Every structure is written in structure tokens, then in C-alpha cells.
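To start, the structure under review is shown below, and the notes come after it.
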Amino acid sequence: MTKKITQTAGRTLLGDIAPEFAHFNDDVLFGENWNNQDITLKTRCLVTVVALISSGITDSSLKYHLENARNHGVSKKEIAATITHVAFYAGWPKAWSAFNMAKEIWREDLKQNESLNNYPEELKLHQKCMIFPVGEPNNGFAKYFTGQSYLAPLSTKQVGIYNVTFEPGCRNNWHIHHAKKGGGQILIGVAGIGYYQEEGKEKVTINPGDVINIAPGVKHWHGASTDSWFSHLAVEVTGEESSNEWLEPVTDEEYYSN
Ligand code: MN
């Protein structure tokens, strides 16, 4: 049994001006027709994409339905074959437009883990704002975090580089990167707005492109701001006898104060 399709775009976007249209869109077109299983959902997605391309509709609705097709198992090869086929019947320029849109959507797919399909919508939007992958739920370190974080190892040789993504309000515990010589950590803001704080100092905002150098032995924490998803690269600086010491969680009082 496939998951039931639900759609709220009609009410969200047109509920005020056209409640009847919103009702037909959300409850009948998507609520009933999209849930009819006489043809597979994947086929239905492709038929819709073909219909839109044939009509010359290459705006946000085609983008939505291309993403929908990808999310329901249409591979890069399959969408390429579909658009190539439809080009002969519907027109070459329409295929060009569709390909320009599709290449972005399936390019993203290469960098994303399949599980991203089940991630929150806000996280998918956040992923679109950055070139590095979100990766997997950061279960291994969850006990050292308040809130949900995600981890994508980018480099595990020479120097460890990880893309860490935090949901709004999420932060790691107070911790210290120890090393006898060298060591410490470098953070580089990638997407969204985050915070960094050293013990005894004010909280610092991390914007995309900002670089934070954390000396070994300094007690600190990092995470998202209150209302933004946030990703930073964490660069593990090589050191002698390096280790991480995880300490107490950052309390709401500490997190919400300066
Ligand atoms: Mn750190």
C-alpha cells in the first residue's frame, strides 16, 4: 500500500481568493485522483510531466512535478528518455526548457542521500541553499546534542572535514577539543545562521562564509540560531594526542542569552 498523497498547496496559496478551486485542487485532484492506484504513482508522475511539457508549461508547476517524479522513483535516465521522446511530439524548445529544469533537479539528487526524501520540507529547502550534502541523522553523537542534527563526512583522510547541519534551536553540548600539540577545530559557515560561544564570552553569529578558529583547550559550543536551519563545516585540525571532551548541555538560559 503506497502512502496516501496529501496536498495543501491549493488552500495555502489560493484559499483566500478561491476556496472552491483550492478544495478541488487539494481534495479532488490530489485527494482522490492522485490516490487512484489503477496506474502506478510513478507512471502518474510521468504522465503529468509530459502533459505539462506538451502544454508549454515550464513554470513552478513543472518544477514541482519533476521533483515529484524524482521523489517517486523516476531515474535520471528515465526522465531524459521521457523528455527526449516528448520532444518529437510536443516540440524541441519545450524539451529544452524541461531539460534545463530537470538537470538541476536530478543533479541535486546525486548529492543527496535517498533518505532526504523523508526529511522535513524545511530541511529540503535548506539543502537547496548549499552545495554540501546534509548527510544522515547524526545518531552517533545525538547524546551530545540538544535537538536534531545531521552529519555528512566530506573528508575522512588527511584532515577530517564534516558538514554538520542543525535544525533551528539545535546545538551541541559544551565541549573541549584537547591536544598536546596542534589540534583544535575550524568551523566554516555554509548555509543559514548559527551561533558559536566560548565560555565566558558573548555568543558570536556565524553567517555563510564566516570562519571560526577554535584553539585546543577552549570550552565552547556551536549550533543553529533560534529560527534558522544551519550548516557548518567542521574541520578537525590534526594534533598530537587529540581527543574531544563532551560536557554538560547548553541550557535554554545560556542559549537564549547573549
Ligand atoms: Mn567544537
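The values are calculated or read from the model by the stated rules, or taken from the named source; none is laboratory data. Bear in mind the structure is a predicted one, so any value in this text is a computation, not a measurement. No Cβ is skipped: glycine too gets one built from the backbone with ideal geometry, and neighbour counts run over all protein chains shown.
Side notes on the structure shown:
For every residue, the table says whether it meets (1) of a type outside the set (D, E, K, R); (2) closer than 23 Å to Val86 by Cβ.
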{"position": "Ile17", "(1), (2)": "yes, no"}
{"position": "Glu20", "(1), (2)": "no, no"}
{"position": "Val28", "(1), (2)": "yes, no"}
{"position": "Thr40", "(1), (2)": "yes, yes"}
{"position": "Arg44", "(1), (2)": "no, yes"}
{"position": "Ala51", "(1), (2)": "yes, yes"}
{"position": "Ile57", "(1), (2)": "yes, yes"}
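- Residues in the stretch 3-41 that are closer than 22 Å to Lys76 by Cα and either surrounded by 17 or more Cβ atoms within 10 Å (Cβ to Cβ) or of a type in the set (S, T, N, Q) (or both): Thr40, Leu41.
- Filter result for Asn71 (surrounded by fewer than 19 Cβ atoms within 10 Å (Cβ to Cβ) and more than 16 Å from the ligand (Cβ to nearest atom)): yes
- Remark: pairs (first residue in the stretch 7-19, over 19 Å from Asn33 (Cβ atoms) and without any contact (Cβ under 8 Å) to a residue 60 or more places away in the chain; second residue surrounded by 12 or more Cβ atoms within 10 Å (Cβ to Cβ) and of a type in the set (A, V, I, L, M, F, W, C); Cβ separation under 6 Å; 6+ apart in sequence or on different chains) = Gly15/Ala22.
- Restricting attention to the stretch 176-193, the residues being crowded, with 20+ Cβ neighbours inside 10 Å, assigned to a strand (DSSP E or B) and within 12 Å of the ligand (Cβ to nearest atom) number 3.
- When residues of the stretch 209-228 are limited to those that are under 22 Å from Leu123 (Cβ atoms), in a loop (DSSP other than H, G, I, E, B) and touching a residue at least 24 places away in the same chain (Cβ under 8 Å), the one farthest from the ligand (Cβ to nearest atom): Asp227
- Within the stretch 150-166, considering residues that are touching a residue at least 60 places away in the same chain (Cβ under 8 Å) and buried (at least 20 other Cβ atoms within 10 Å of the Cβ), the one farthest from Ala224 (Cα to Cα): Asn163
- Hey, Phe88 under 20 Å from Thr6 (Cβ atoms), surrounded by fewer than 18 Cβ atoms within 10 Å (Cβ to Cβ) and either modelled with pLDDT of 95 or more or of a type outside the set (Ser, Thr, Tyr) (or both) or not: no
- Any hit, the stretch 194-214, residues being closer than 17 Å to Ile131 by Cα, under 19 Å from the mean Cα position of the chain (by Cα) and surrounded by fewer than 16 Cβ atoms within 10 Å (Cβ to Cβ): yes
- Scope the stretch 1-29; condition among the hydrophobic types (A, V, I, L, M, F, W, C) and more than 25 Å from the chain's Cα centre (by Cα); matching residues: Met1, Leu14, Ile17, Ala18, Phe21, Ala22, Phe24, Val28, Leu29
- Search result, residues across the stretch 148-175 that are part of a loop (DSSP other than H, G, I, E, B), closer than 19 Å to His220 by Cβ and away from the ligand (no atom under 12 Å from the Cβ): Gly169, Cys170
- Within the option set Ala81, Ala95, being surrounded by fewer than 18 Cβ atoms within 10 Å (Cβ to Cβ) and more than 28 Å from Ala191 (Cα to Cα) holds for one residue only, Ala81.
- Every residue from the stretch 147-183 that is within 22 Å of Ser257 (Cα to Cα), of a type in the set (S, T, N, Q) and over 19 Å from the mean Cα position of the chain (by Cα): Asn172, Asn173
- Qualifying residue in the stretch 229-238 (condition: part of a loop (DSSP other than H, G, I, E, B), within 15 Å of the ligand (Cβ to nearest atom) and without any contact (Cβ under 8 Å) to a residue 12 or more places away in the chain): no
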